[in-house]
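I have a structure I would like to understand better, so I am pasting it below and will then ask my questions one at a time.
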Amino acid sequence: MIPQKLTLSNFMCYRQPTELDFSDIHLACLTGDNGHGKSALLDAMTWALWGKARARSSDELVSTGERDMSVWFAFSLDDVQYRVLRSRELSGKSGKGSLELQTMWESGWAPLTSPTMRQTQDQINALLRMDYDTFINSAFLVQGRADEFTVKQPAERKQVLSDILGLSFYDRYAEAARLRAREHKREQEGAEARIEVLQEELTKRTTWEEELEAAQAEAASVAASIKAKQTEIERLEAAEKKLVEQRSVLDAVTRTIRDLQEQERTLAEQTSEHRSRAEGAQAILDRKDEITEGYGALVAARHEVAVQTGKLAELRPLAAERSRLDAAIVARRHVYELKSQAEVTELRQRVSRLDELIAEQQARIDRIGGIEGVCPVCEQGLDPQKQAELVAGATDKQAGLTTARAAARAELETLQRQHLEPPCDADLAPDESAALAVLVEQIAAIGYDVADAQQARDRGNKLLAFEEEWISLGKAEATLAEVNRAIEQAKKQQSELARRLQGEAVRRLGLDAEIKQGQEDTVFPLAAAKSRMIELRGNERAVLDTLGALQERLNRLNEQQVKLDKEKAKLTEAAEQHTLYTDLQQAFGPNGVQALIIDAAIPELEVEANALLGRMTEGRMSVQLETQRDTKSGTIRETLDILIADEHGARNYELFSGGEAFRINFAIRIALSKLLARRAGAQLRTLIIDEGFGTQDAMGRTNLVAAINSVAEGFARILVVTHIEELKDAFPVRIDVCKTPRGSQVTINEG
């Protein structure tokens, strides 16, 4: 990771947007008075990348009085340009932030940001192959924390060295191996438990085989009993079949007896009917004279009715014509009455109108003849002569109206009298009156008497019964002879039926006796045999169920044996896999491959650290790193101890002066940084030193600068923070930091 450009706004003492371009810098120092913001620039880099800095929380990094801040940090990694934007906004009790990751393409910056800040931070960590703690323990000597690595516990130092060497993936391998070992351990334990259950079930084989043999013997005995009972049932069923046939014959005989009895009842009914017919025929013959006399009277009555019917036929057209003439008379009278009423109404209206006109004329005469005559037209006064003329004219007109009214009244009275008594000649025309007289004479000449005709019809109706009796009388003698013959034939048939009924009754008695004996010999024993067969079948099913269950158990035992063999194979495989992954867990763990790699890196780290420490102390001091320590129990323990020696011998780190301690820390940290820079995949080619010169004397500062220059070729970017004036010109590029009322500002000076 090589810094390229840093842009920050409202970050700590940098209130105004500030941009710092590192693209042309290889080795530079950050200078300025204490508190002007040198370390704040380095905090901005770590906060942009990991969200962490020297402050306890991100909200403390916001410029005083401001509500938000943001940092843009661009860097290159493996010749690829990246840019991180992190911002923070104060709102309520807890602020909110945002994080973006971008990369440079031909068309410009392209987003790589994930949906959440946590996921984006994981992307940045994976990209850099390190976290904040690894960075400040190697490539970044944070102000006040130069001894970050030295003062850690041995196990913590070893973990930092493991992170620098990129051994974390071995931890993942070890964890994966541990999980797989635990999984195979569970499989092993499960297989052992299943094997124990299967073995316990297999111990029951002998008992179940003995029970199977006993059940098979019982099944054979039941089968023999069923076979014997089946033979007995077949014999009884054959006898039952014969008994069924006898019952069929008995049913046929019973039906024959019923048929004969029905025929006998039918013959009796027919004989009774024949006797009734004979009695009826004899009764008719006994009334022969009465029927003959009554039939003669019926013939005479019918003749009289025929005569009256002829007269009625002749009378009907004459009566129709008489009805027509009567209707004409009624119609003429009705027309006359309507006409008279209309004329009376008209005359009454005329008289009423004339009365109105006479009254109006009298009113006019009275008006004109008054003391002050007024013209009825113009309503102006009249002179006496004109008044007299108008009165005379009005009087003449009134006399005319009175005469017309009298004439109309006389005409009205005449019409009213005519309406009450219409003239006789208004009924018919003369020719119609003559025709009516002729019709009356013709009707009288026919002599049709309605009463005589009705009496003749009544007598005929009363004698109608004799017509049917007359017909019956002709048939009675033939019927009587026929009925007597039928009665004799029925007597013969009844005798034959009685004989047959007696024979069938005897036959039925014999069949009843045979069937009753057959029921005792067949039906009851067969029912008992079938009941016993049902019982035997139940025993057979129970035995077969027992056999099936035992056989199923033995089959299941065979399957269990197969499962047992498989479980044993699984147990063996699970045990082997558990051992394998347990070994892999140990191999990938801190005391395995990682320890070997660290042991291999320790000599390189010692060489680098001692080279720098020897240059800074003129060969007086050296560092030795030990990875193993003998315990009191005689075993060897993994560790990472730092042994420091000078011309006076080995001493504890705490017994060295501040300047000496810084040179020791500096040498070890630079060695760690170079180790991190050369690590495959990390490519952290940046070194940042934020303190140390103040603890050194003049010779120590000179040696420290020389040491920095000696390792410069191993890094693409080296930034040194100092406020000592005499060191500002010791570096090719100087980045000056100055605090102003508008916030801190930076300038870059070369040479």
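For the condition at pLDDT below 70 and among the charged types (D, E, K, R), what is the one hit in 488, 421, 441?
Answer to the selection: 421.
Among the listed residues 604, 567, 559, which satisfies the condition of being over 30 Å from residue 214 (Cβ atoms), in a helix (DSSP H, G or I) and under 60 Å from the mean Cα position of the chain (by Cα)?
That would be 567, the only listed residue that is over 30 Å from residue 214 (Cβ atoms), in a helix (DSSP H, G or I) and under 60 Å from the mean Cα position of the chain (by Cα).
Okay, residues lined up against (1) buried (at least 18 other Cβ atoms within 10 Å of the Cβ); (2) of a type outside the set (Asp, Glu); (3) within 30 Å of residue 639 (Cα to Cα):
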{"position": "521", "(1), (2), (3)": "no, no, no"}
{"position": "541", "(1), (2), (3)": "no, yes, no"}
{"position": "545", "(1), (2), (3)": "no, no, no"}
{"position": "548", "(1), (2), (3)": "no, yes, no"}
{"position": "556", "(1), (2), (3)": "no, yes, no"}
{"position": "565", "(1), (2), (3)": "no, no, no"}
{"position": "584", "(1), (2), (3)": "yes, yes, yes"}
{"position": "603", "(1), (2), (3)": "no, yes, yes"}
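Would you be able to say whether some residue in region 30-50 is within 55 Å of the chain's Cα centre (by Cα) and modelled with pLDDT under 90?
No, region 30-50 contains no residue that is within 55 Å of the chain's Cα centre (by Cα) and modelled with pLDDT under 90.
Sticking with this one: Quick one: which of 293, 273, 314 is part of a helix (DSSP H, G or I) and at pLDDT 75 or above?
Sole residue among the options that is part of a helix (DSSP H, G or I) and at pLDDT 75 or above: 273.
Can you name the residue in region 156-199 that is among the hydrophobic types (A, V, I, L, M, F, W, C) and within 30 Å of residue 563 (Cβ to Cβ) and, of all such residues, is modelled with the highest pLDDT?
For region 156-199, the residue satisfying everything is 179.
Going by the structure shown, is residue 240 more than 30 Å from residue 499 (Cβ to Cβ), assigned to a helix (DSSP H, G or I), touching a Ser or Thr at 6+ places or on another chain (Cβ under 8 Å) and not aliphatic (A, V, I, L, M)?
The answer is yes for residue 240.
Looking only at region 212-239, which residues are more than 27 Å from residue 551 (Cβ to Cβ) and touching a residue at least 60 places away in the same chain (Cβ under 8 Å)?
232, 233, 236, 237, 239
Being over 20 Å from residue 122 (Cβ atoms) and in contact (Cβ under 8 Å) with a residue 40 or more places away in the chain is the filter here, so list the residues in region 73-102 that pass it.
Result: 74, 76, 81.
Right, next: Under 6 Å by Cβ, and 6 or more places apart or on different chains, what pairs join a residue from region 735-751 that is in contact (Cβ under 8 Å) with a residue 40 or more places away in the chain and farther than 12 Å from residue 29 by Cα with one that is assigned to a strand (DSSP E or B) and polar (S, T, N, Q)?
738/745
Now for a separate question. Any idea which of (1) touching a Phe, Trp or Tyr at 6+ places or on another chain (Cβ under 8 Å); (2) among the polar types (S, T, N, Q); (3) crowded, with 16+ Cβ neighbours inside 10 Å; (4) not in a helix (DSSP H, G or I) is the one residue 87 doesn't satisfy?
The failed condition is (1).
Give the residues of region 502-533 that are more than 19 Å from residue 238 (Cα to Cα) and either among the acidic types (Asp, Glu) or touching a Leu at 6+ places or on another chain (Cβ under 7 Å) (or both), sorted by residue number.
504, 508, 512
The values are calculated or read from the model by the stated rules, or taken from the named source; none is laboratory data. Computed from a predicted structure; not experimentally measured. For neighbour counting, all protein chains shown are included, and Cβ atoms are generated from backbone atoms with ideal geometry for every residue, glycine included.
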